Structure formats: C-alpha cells, structure tokens
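Each remark here refers to the structure printed beneath this line.
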Amino acid sequence: MEDKLKTYFSLVDGYSLDKPKNFSYIDESEPEEINLFKQFCPIKIAVLMRDIKYIIEEMCKKFQVKEKVLEEIKNLKNNIDNTNLSSYKWRDIDIKDLLKGDYKYLVDKVILDDDLVPDVNCYINKYDYLFVNYIFPFSLKELYFLLLERGINIIINNYFYDLKSD
C-alpha cells in the first residue's frame, strides 16, 4: 500500500525542517495525473499540518521525549473507538478525531475540499476527479491516513530538531 502512495509523501515532506529549502512536491518525470493531483490535492495539506502542528507540539512539550510522544499517539489510535475525546486539542480540533479520519468531520474542519470530494463515497472508494478521466489506484481515506502519520512524524522530528538547534 505505502509503495503506491509514496510519491504523494512529498505533499507533507516540504514541512520538514531538515529538507532543502527549494523542495518541491511536483516532479516533471511523474505522470501528468499525479502532478495534477498534487497541485489540486483534495486534502488540504496546509490546514491538516497546521492543525496537527499545534497539537503535536503540545504533546512534545508535555512528554519531552520523542518515543513517549509516539507511544501516546499509538495509545490514542488503539483506543480510537472509546467515545471520550482526548486532552490533546487545538481550538476545536481533537487529535483523536483526526486519527479517526471521519469524512464528515474532515469536511467540517475544512481538511477535505468538499468541492473535490463531494460525498463519502469519493473519500472511501478509489478516487477520481470529476473533471479528469482518470481513477487513482487508492482511496483518499488511505492517502489521508498515510499523510497524517507522516505529517505527525515530521512535526515531532521538527520539534526535537529545533531543540537540538538551540
């Protein structure tokens, strides 16, 4: 699964502090459909990364150790069906809700572009743009979870990278 989606990691990799500043997520050697997807990504990466940045940084401040933060996130994922919200929030965004990846929640929080993802079927089935005759070999839900996980790891690494830099 991850192999067919790793080309899309560049959507969040640009947020990493240890990447070159001229980092681009567009690769001219890739098919036009892939670059089109990256340019008009139905997942609003900037919004997602902003939301997780504030939450994850608070977790990093609390635990002070990268492994403990990762362990806490793993515990939250394992207890995702527990209806209680977590204590890790930023504004009205809860990390547990982001980890659930519910379509309606992501649309309400403007993480999914509802013009490009008009219903839950477009989120859970293989994705296709309404205006392009191409079906991507993955669902947005699959991609969302991989980008979320990678984004969380980038934010954690950035936090501890900044600490070392000081």
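Summary table
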read-out	value
On Cα atoms only, tilt of 140-165 relative to the major axis of the chain in degrees	40 degrees
Pairwise label distance in nanometres, K100 with K164, each label 7 Å out on the Cα-Cβ vector	3.6 nm
Semi-axis lengths, Å, the stretch 2-165, gyration tensor of Cα atoms, sqrt of 5 times eigenvalues	27, 21, 12
Nitroxide proxy distance, nm - points 7 Å out along Cα→Cβ at E30 and R91	2.7 nm
Within a Gaussian network of the chain (alpha carbon springs, distance under 10 Å), most fluctuating of P42, P137, P31	P31
The chain, helix-only ellipticity at 222 nm - DSSP H runs n ≥ 4, -39,500 (n - 2.57), divided by all residues, nearest 500	-16000 deg cm²/dmol
Computed over the chain: relative contact order in percent, which uses C-alpha pairs under 8 Å that are six or more apart	29 percent
Relative contact order (%) - criterion: Cα under 8 Å, at least six apart; region: the stretch 3-80	20 percent
Where chymotrypsin sites (Phe, Trp or Tyr not before Pro) fall in DSSP loop in the stretch 105-166, at most 15 other Cβ within 10 Å	F131, Y134
Among K19, K61, K104, residue whose mean-square fluctuation peaks in a GNM of the chain (springs only between Cα atoms under 10 Å)	K19
Cα-based equivalent ellipsoid of the stretch 38-127: semi-axis lengths in Å, sorted from largest, via gyration tensor	26, 15, 11
Which of M59, M49 has the fewest Cβ neighbours within 10 Å, and the rest in rising order	M49, M59
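Rule-based calculations on the coordinates, nothing more; no lab input. Since the model is a prediction, treat every value here as computed from it, not as a measurement. Positions of Cβ are generated from backbone atoms using ideal geometry, with glycine treated the same way; all protein chains shown enter the neighbour counts.
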